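All remarks here apply to the structure that follows.
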Amino acid sequence: MDPPGHTVLVVDDDASIRFLCRVNLELDGWEVREAGSLADAREALADGRVEVALLDVHIGGSNGLDFLDELRRDHPALPVAMLTGSVGTPTFSDVAADAVLAKPFTPEQLGETVRTLASRPAHTAG
């Protein structure tokens, strides 16, 4: 089992985004689990502790925002950053995401977002 505070789940159907996240987060000392589908994400969450999740808004034909609702129900303390490639980063004021990371993002933005989320007090479902 990984030590607490060191595992990030990256949920994105784009393998290059998952690779970018994995390489840069591993350089920062994080254990990274990748999921190319929501089924893979559910399996990764069931297999062990995850401290931060990075979740794409569009995962193939699936809606990441619907999955966010599921995460809030089943894993209410898990900090989640939404990854979005939408033009003119949408506002997520009515969404329970803890952060939004607009694609393309820099390795510095990625690392800062994960560190910030990992250091926050646990999210509580409202």
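What follows is calculated from the coordinates using simple rules that are stated; it is not laboratory data. All figures in this text were calculated on a predicted structure; none of them were measured in a lab. Glycine gets a Cβ as well: all are built from the backbone with ideal geometry, and neighbour counts include every protein chain shown.
So if R0 is 41 Å, what FRET efficiency would residue 19 and residue 96 give, r being the distance between their Cβ atoms, rounded to the nearest 0.05? The pair residue 19/residue 96 has a calculated efficiency of 0.90.
The length gained by stretching the chain between residue 63 and residue 77 to full extension, at 0.36 nm per residue less their Cα-Cα distance, is 3.0 nm.
Projected label points at residue 27 and residue 106, each 7 Å from Cα along the beta carbon direction, are separated by 1.3 nanometres.
How would the range 7-104 be classified by its alpha-carbon gyration tensor: rounded, prolate or oblate, with rounded meaning a/c under 1.5 and the a/b versus b/c comparison settling the rest?
Cα axes put the range 7-104 in the rounded bin.
Working from Cα pairs under 8 Å separated by at least six residues, relative contact order for the range 1-78 is 35 percent.
Spin-label model, residue 42 to residue 120: label points 7 Å out along the Cα-to-beta-carbon direction sit 2.5 nm apart.
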